[in-house]
Amino acid sequence: MPEIKWIDADAYLFDIDGTLLNAFGGAHYNAFHSALKKSFNLDCKIDGVQMHGNTDIGILRAVMTREGLTNGELEAKLDETLEHMCDQVELNRAQLHATVCPAIPELVRELHAQGKLLGVATGNLERIGWIKIEAGNLREYFSFGAFSDKHEKREDIFRNGVAEAKRRLGESATVCVIGDTPADITAAQAAGIPVIAVATGIYKLEQLAEHNPDVCVAACSELLHLVSAVKR
Ligand SMILES: [Mg+2]
């Protein structure tokens, strides 16, 4: 994708963890453990499961499979398990702190000021995702979100985000995803959406570049320069 194309997009879907911000304090992590205990009487930790680029339901499923439970057991209690996770993060939101990634406040403010539609597209559950966005003081810039509550696969989350952007802007609207993991790149490619990869999560620029994103940058400050230049 030539640079001008992503700059000209009508809407941007931002991943949360590692892209907009990095959350810490354990509220989300501990919510998995509380839910696994309450719904399935599991005392295990989620450590060892692929978390970066995964979805909350995907993480739950991987842990339960590892612990010998069946998909049917998860499905039977899925709704109450997800609700309990969200309740726990809400309850412990004071412990959830966010470090916003470099140049993100300036980038989303600039895109928003230019009239772009901004959404989040994340493997987080909706209530948890918005709590993180609020912790990063970014809520005012985002009009909508696509989350994992109803979509376990990342590519379906992205498709849902694009559909919502087109519902708001019209069928001809162009949408671009911004994410920090190989999973974001491959999911966007599977969904046919242009993707910008940014190395502010755990993956290095070279690792992301191997998956052939349309644009690959070390940090969003590189995008900010280009976006700001358009205005002048
Ligand atoms: Mg991420």
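Things worth noting here:
- Fraction of antiparallel bridges per DSSP, the chain only, in percent to nearest 5: 20
- Hz values of 3J(HN,Hα) by residue in segment 141-149 - Karplus curve (6.51, -1.76, 1.60), Gly and Pro given as x: 8, 10, 8, 7, x, 10, 10, 9, 3
- Close amide H contacts of Gly145 (hydrogens built in the peptide plane, cut-off under 5 Å, sequence separation of 5 or more or a different chain): Val120.
- Computed log₁₀ I(q)/I(0) - Debye formula, equal Cα scatterers, no solvent, segment 4-98, q 0.15, 0.18, 0.21, 0.25 Å⁻¹: -0.65, -0.85, -1.07, -1.38
- For the chain, the longest principal axis of the alpha carbon atoms and the long axis of helix 126-135 meet at an angle near 60°.
- When nucleic acids and ligands are ignored and a 1.4 Å probe is applied, His225 ends up with an accessible area of around 130 Å².
- Here the average projected area of the convex hull drawn through the C-alpha atoms of segment 104-216 stands at 6.9 nm².
- Cα centroids of segment 111-163 and segment 171-198: 13 Å apart.
- Relative contact order computed over segment 1-79 (Cα-Cα under 8 Å; 6+ residues apart), in percent: 15
- The Rg/Rh ratio for segment 50-100 is 1.05, where Rg is the radius of gyration of the alpha carbons and Rh is the Kirkwood radius.
- Summed side-chain charge close to Asp180 - residues other than Asp180 whose Cβ falls under 10 Å, Lys, Arg +1, Asp, Glu -1: -3
- Over all pairs of different C-alpha atoms in the chain, the reciprocal of the mean inverse distance, the Kirkwood hydrodynamic radius, equals 17.9 Å.
- Using a Gaussian network model of the chain in which every pair of alpha carbons under 10 angstrom is joined by a spring, one finds that among Ser221, Ser172, Ser34 the greatest mean-square fluctuation is at Ser172.
- Estimated FRET transfer efficiency (Glu75, Phe144; beta-carbon r; R0 25 Å; 0.05): 0.35
- Mean Cβ count within 10 Å, highest first, over the residues of peptides 46-58, 176-188: 176-188, 46-58
- Unit charges on C-beta of K, R, D, E only; dipole of the chain, Debye: 300
- Across all Cα pairs in segment 16-68, the calculated P(r) in 5 Å bins from zero up to the longest distance comes to 4, 19, 30, 26, 12, 7, 2 percent per bin.
- Flagged links, alpha-carbon separation over 22 Å, of Lys38/Lys132; Lys5/Lys166; Lys37/Lys77: Lys38/Lys132
- Helix-derived mean residue ellipticity, 222 nm - over the chain, DSSP H n ≥ 4, -39500 (n - 2.57), to 500: -14500 deg cm²/dmol
The values are calculated or read from the model by the stated rules, or taken from the named source; none is laboratory data. If you're wondering where the values come from, they're calculated on a predicted model, not measured in any experiment. Don't worry about glycine lacking a Cβ; one is built from the backbone with ideal geometry, like all the others, and counts go over all protein chains shown. All accessible areas refer to the heavy atoms of the entire protein, side chains included, with ligands and DNA or RNA removed. Shrake-Rupley method; radii C 1.70, N 1.55, O 1.52, S 1.80 Å.
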